[in-house]
């Protein structure tokens, strides 16, 4: 889950540290971070594929901690850190043996835990604080729990790689097209540098990557990729825009500084998080589990 693409879908996101590229970021560092994370994931998937669940769990914990810290520093929101961190881990780990029932059960208990945890601070700001805790709970660990479930079936390695490759293709295609051809802003009030040309690049490369992965990794009809690819491109772009909106609302540039000189881990996870549940569902329909 922590596999990092080289950029945002249109090549617009900038980070501090080193000399920025034309797109406004340190491209060599971005590539290095992405390759390092990708290598860890690939080794896990090709040795003990359930190691993917541990990677998802660690990534979810770090991402949750970063967002909690940003909300507290920028807006003074008092969050239910302990219930969300523990409950988020429960959702991810219980998705392995118990599937969606494990996720739902953990979610319900965690929601109750958030209410109880926040009660001790009194009524002032209760709705705001609990609401923010729920947002983080659903946005990060709940979505990532579905990403963890991708690896459960016998062909889980292929499912995870298909999911990751499509999102990476989406980001890479958007980066290249955005830098080379970007002229027309797609969402100027959210992320001014994102362009329709970048989205077109994401669609083309995302659909291509999806078609190849389905045919070569999952033995499914290649043309399914013409559905899966564009859908995951849309969810990836939505994830990037959601994180941009949260940061704009808080008045911050990065969620954290987990990756030195390159922002937080959430800057690498945003597209993957929102795409994980959709990837799990569509792959379940297109490539049913072997009986």
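The values are calculated or read from the model by the stated rules, or taken from the named source; none is laboratory data. Small disclaimer: the values here were computed from a predicted structure and weren't measured. Cβ: placed from backbone, ideal geometry, glycine included. Neighbour counts: every protein chain shown.
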(message) Looking at (1) in contact with a strand residue (DSSP E or B) (Cβ under 9 Å, 6 or more places away or on another chain); (2) within 30 Å of residue 72 (Cβ to Cβ); (3) surrounded by fewer than 24 Cβ atoms within 10 Å (Cβ to Cβ), which one does residue 259 not meet, given that it meets all the others?
(response) (1)
(request) Just one of (1) in a helix (DSSP H, G or I); (2) closer than 20 Å to residue 64 by Cα trips up residue 172, so point out which. (result) (2)
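Can you name the residue in the stretch 185-224 that is in a strand (DSSP E or B) and buried (at least 24 other Cβ atoms within 10 Å of the Cβ) and is also farthest from the chain's Cα centre (by Cα) among such residues? Before you say what the answer is, go through the steps one by one.
Looking only at the stretch 185-224, we keep the residues that are in a strand (DSSP E or B), and these are 185-187, 191-195.
Filter once more, keeping what is buried (at least 24 other Cβ atoms within 10 Å of the Cβ): 194-195.
Values: 194: 18, 195: 21 Å.
Only one residue tops the list, namely 195.
Residue by residue, here is whether (1) surrounded by 15 or more Cβ atoms within 10 Å (Cβ to Cβ); (2) assigned to a loop (DSSP other than H, G, I, E, B) holds:
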site: 41; (1), (2): yes, no
site: 57; (1), (2): yes, no
site: 63; (1), (2): yes, no
site: 67; (1), (2): yes, no
site: 77; (1), (2): yes, yes
site: 83; (1), (2): yes, no
site: 89; (1), (2): yes, no
site: 96; (1), (2): yes, no
site: 105; (1), (2): no, no
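When you look at residue 272, is it closer than 26 Å to residue 99 by Cα, under 21 Å from the mean Cα position of the chain (by Cα) and surrounded by fewer than 19 Cβ atoms within 10 Å (Cβ to Cβ), yes or no?
On the way: closer than 26 Å to residue 99 by Cα: yes; under 21 Å from the mean Cα position of the chain (by Cα): yes; surrounded by fewer than 19 Cβ atoms within 10 Å (Cβ to Cβ): no.
No.
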(message) If the requirement is being farther than 20 Å from residue 66 by Cβ, in contact with a helix residue (DSSP H, G or I) (Cβ under 8 Å, 6 or more places away or on another chain) and modelled with pLDDT under 95, which of these qualifies: 121, 107?
(response) 121
(message) Just to check your reading of the model, which residue among 142, 228, 137, 180 is in contact (Cβ under 8 Å) with a residue 40 or more places away in the chain and either in the same structural domain as residue 45 (by TED's automatic domain parsing) or outside any helix (DSSP H, G or I) (or both)?
(response) 228
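Residue under question is residue 215, and the condition is that it be in contact with a helix residue (DSSP H, G or I) (Cβ under 7 Å, 6 or more places away or on another chain), touching a residue at least 60 places away in the same chain (Cβ under 8 Å) and more than 15 Å from residue 282 (Cβ to Cβ); does it hold?
Values: in contact with a helix residue (DSSP H, G or I) (Cβ under 7 Å, 6 or more places away or on another chain): yes; touching a residue at least 60 places away in the same chain (Cβ under 8 Å): no; more than 15 Å from residue 282 (Cβ to Cβ): yes.
It is false that residue 215 is in contact with a helix residue (DSSP H, G or I) (Cβ under 7 Å, 6 or more places away or on another chain), touching a residue at least 60 places away in the same chain (Cβ under 8 Å) and more than 15 Å from residue 282 (Cβ to Cβ).
Given the criterion farther than 13 Å from residue 280 by Cβ, part of a helix (DSSP H, G or I) and within 22 Å of the chain's Cα centre (by Cα), identify the matching residue among 100, 157. Step through it out loud before you land on a result.
Details: 100 fails: farther than 13 Å from residue 280 by Cβ.
Among 100, 157, only 157 is farther than 13 Å from residue 280 by Cβ, part of a helix (DSSP H, G or I) and within 22 Å of the chain's Cα centre (by Cα).
Somewhere in the stretch 237-257, is a residue farther than 21 Å from residue 146 by Cα, in a helix (DSSP H, G or I) and at pLDDT 95 or above?
Looking only at the stretch 237-257, we keep the residues that are farther than 21 Å from residue 146 by Cα, and these are 244-257.
Right, trim to in a helix (DSSP H, G or I) and you get 244-250.
Those left that are additionally at pLDDT 95 or above: none.
No, the stretch 237-257 has no match at all.
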